[in-house]
1. Do you know which residues across region 204-227 are at positive phi and either at pLDDT 95 or above or touching a Phe, Trp or Tyr at 6+ places or on another chain (Cβ under 8 Å) (or both)?
2. Say we look at region 202-222 and pick out the residues that are open to solvent by 70 Å² or more (accessible area, probe 1.4 Å) and either among the hydrophobic types (A, V, I, L, M, F, W, C) or assigned to a strand (DSSP E or B) (or both); which of these is nearest to Ser158 (Cα to Cα)?
3. Only residues that are within 19 Å of Cys356 (Cβ to Cβ) and surrounded by fewer than 20 Cβ atoms within 10 Å (Cβ to Cβ): list them for region 223-236, please.
4. Out of the residues in region 59-92 that are open to solvent by 10 Å² or more (accessible area, probe 1.4 Å) and part of a strand (DSSP E or B), which is farthest from Thr350 (Cα to Cα)?
5. Which one of Gln170, Gln199 is surrounded by fewer than 17 Cβ atoms within 10 Å (Cβ to Cβ) and either in a loop (DSSP other than H, G, I, E, B) or modelled with pLDDT of 95 or more (or both)?
6. Within the bounds of region 340-351, is there any residue that is among the β-branched types (Val, Ile, Thr), more than 23 Å from Trp98 (Cβ to Cβ) and in a loop (DSSP other than H, G, I, E, B)?
7. Based on what the data block shows, is Thr134 open to solvent by 70 Å² or more (accessible area, probe 1.4 Å) and of a type in the set (Ser, Thr, Tyr)?
8. Residue by residue through region 137-157, note down the ones that are over 17 Å from Leu77 (Cα atoms) and open to solvent by less than 50 Å² (accessible area, probe 1.4 Å).
Amino acid sequence: MASQDFRSFFDSAARVIEKALSEEIDVGFPYCGDGSGDSGDNADELLRLNRVFEDERWTRNRSVTSFDMNSKFPELLLVSYNNNEEAPNEPEGVVLIWNKKFSKTSPEYIFHCQSPVMSACFARFQPNLVLGGTYSGQIVAWDMSAGKRTPIQRSPLSASAHTHPVYCLQVVGTQNAHNLISIATDGKLCSWSLDMLSQPQDTLELQQKTKTVAVTTMSFALGEVNNFLVGSEEGTLYSSSRHGNKAGINEAYEGHHGPVTGLDCNKAVGQGDFSHLFISSSTDWTVKLWNNKLSKPLYSFDNANDYVFDVKWSPVHPAVFASVDAMGRIDIWNINTDTEVPIVSLQANTRTALNCLQWSSNGRELHIGDCDGKTYIYDLKEKLAVPHTEEWKRLNDTLNEMQQRVTETPLAV
């Protein structure tokens, strides 16, 4: 009974039984295989709380630090967590895989390590692999098919890799040529092969002139593998490149007066290309809209009354984005409709800050994390989430008006 084979069997069987007790659907679906309306306008009607994921042992008193969805099984939601200061004997870093398809209230998989997990993601082309960036600087990898909760790979804590907290982690590339990109707060970028975390394939120091950029957040445009954006502790955003004559920091975008907490490129695909747009959030209580060809923001959304901790574009609607703040408020904006106030502003049922958000791939759900380890799943009404065909032209007109105001207005002293 103490053998590894028996423990793996028992763990798998327990998950199947728990699903079967919850509802009558295909409970035997293998997640570790190859994977071969209404016109109401109230905030509660447009944005409805579906469920909350939390666990007394594994999430209580831990801040949610990142989200990701499995590319093969979108019902699997990855959530990473910081340490629980009130439980010094528990692992400091935790990643849980929650299943949105079933009504079960416990996580599908539990992973942990000995340093707080600041960022995590699924390996896009290996859906059973989970990757984490830690406060110590280590990159760790877990395997959902391995039957163990501890990492199967770890990067070294040495000068050849990271020795500072890793807040930025993303797999970029294609099925046949992809890398894990990580950036630590000392401005060091590492490019990794997922088969070997013992040493990065490439490293790059992100510096503005001779000053190290303390990176807090990162975003690649859709399909991009070389050029990317970063936000920094001093409030400046930078365009950067991994390779070529312009490898490193390129352009600076100044406008925030506090650390950048969120950053996202527009990835909506439709009747126009808006990949030159990005948005950022900051502890200066603002969200700012940018065009990567202009050094100052196109627009500043100043509706918040506290730190804005994260901001993300809708993946399907080119003019819609969401933000969360330290007061526990969720704001959803449609800049084609209004730039002064959000179209939905909802106070979450929490006494702590909301510090992390992610859209589902179809734009119909929002995943929101707070500072006490709770993950809220909100459903969006179709009229809010799904763009009409004219939204693309309307956004182009809106941007032209914004850009005209920016170029005509002198910089404030």
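The values are calculated or read from the model by the stated rules, or taken from the named source; none is laboratory data. Model, not experiment: these values are computed from the prediction. Neighbour counts run over all protein chains shown; Cβ positions are idealised from the backbone, glycine included. These accessible areas exclude ligands, DNA and RNA; they are computed on the full protein's heavy atoms, side chains included. Shrake-Rupley method; radii C 1.70, N 1.55, O 1.52, S 1.80 Å.
1. Filtering region 204-227 down to residues at positive phi leaves 209, 223.
Residues satisfying the conditions do not exist here.
2. Thr203
3. Glu233
4. Selected residue: Met69.
5. Working: Gln170 fails: surrounded by fewer than 17 Cβ atoms within 10 Å (Cβ to Cβ).
When all the criteria are applied, what remains is Gln199.
6. To start, the set of residues in region 340-351 that are among the β-branched types (Val, Ile, Thr) comprises 341, 343-344, 350.
Next, from what is left, pick out any that are more than 23 Å from Trp98 (Cβ to Cβ): 341, 343-344.
So of that shortlist, the ones also in a loop (DSSP other than H, G, I, E, B) come out as 341, 343.
Yes: one or more hits.
7. Details: open to solvent by 70 Å² or more (accessible area, probe 1.4 Å): no; of a type in the set (Ser, Thr, Tyr): yes.
Answer is no for this residue.
8. Result: Gly137, Gln138, Ile139, Val140, Ala146, Gly147, Pro151, Gln153, Ser155, Pro156.
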